[in-house]
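One structure is given below, encoded as structure tokens.
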Amino acid sequence: MTDLLATVFGIYMIAAGLGLAIDRQRALKIIDEFEAQPALTYFGGAVMTLAGAALVLTHNIWQGWPAIMVTLIGWGCLIEGVLFLTVPTQFMGAIKKFMPSSTIMLVFAIFAIVLGAALIWL
């Protein structure tokens, strides 16, 4: 199961990282629209919470770097979802502090691409 999840997350991270690197302004628009729609913020938080909980409950493995990465992604998803459900305004404010910096966004995009590739091929 670890290999399957690592590959799925890797594909997503490469695609999302490339999208962010290519069009950083789009990422800013997405965040603004996500924040402006409370129902969307709630729904996104609910989906992340459910997905994160499912991952944590089925894949909470702390041995071997691919398994640890998948587990950390699950925990991250769960925590992010809970934050979107409980303190969406404060959480979006924290996210937006990093977004205006083109350099930080590019570093994040490159990190996502490299981590995604590592999850697929290592």
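The values are calculated or read from the model by the stated rules, or taken from the named source; none is laboratory data. All values derive from a computational prediction rather than experimental measurement. Cβ atoms come from the backbone with ideal geometry, glycine included; neighbour counts cover every protein chain shown.
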Q) Under the condition of being part of a helix (DSSP H, G or I) and of a type in the set (Asp, Glu), which residue from segment 23-59 is modelled with the highest pLDDT? A) GLU33
**Q.** Selected residue (criterion: farthest from ASP3 (Cα to Cα)) from residues of segment 60-82 that are in a helix (DSSP H, G or I) and touching a residue at least 60 places away in the same chain (Cβ under 8 Å)
**A.** ILE73
Q.
Restricting to segment 19-50, name every residue that is under 14 Å from the mean Cα position of the chain (by Cα) and surrounded by 15 or more Cβ atoms within 10 Å (Cβ to Cβ).
A. GLY19, LEU20, ALA27, GLY44, GLY45, MET48, THR49
**Q.** In segment 36-59, the residues that are in contact with a Gly (Cβ under 9 Å, 6 or more places away or on another chain) and more than 19 Å from MET1 (Cα to Cα)
**A.** GLY44, GLY45, ALA46, VAL47, MET48, THR49
Q | Test: ILE31 is out of contact with any helix residue (DSSP H, G or I) (no Cβ under 6 Å at 6 or more places or on another chain), hydrophobic (A, V, I, L, M, F, W, C) and in contact (Cβ under 8 Å) with a residue 24 or more places away in the chain | A | yes
Q.
Exactly one of these conditions fails for LYS97: (1) assigned to a helix (DSSP H, G or I); (2) over 16 Å from the mean Cα position of the chain (by Cα); (3) at pLDDT 95 or above. Give me its number.
A. (3)
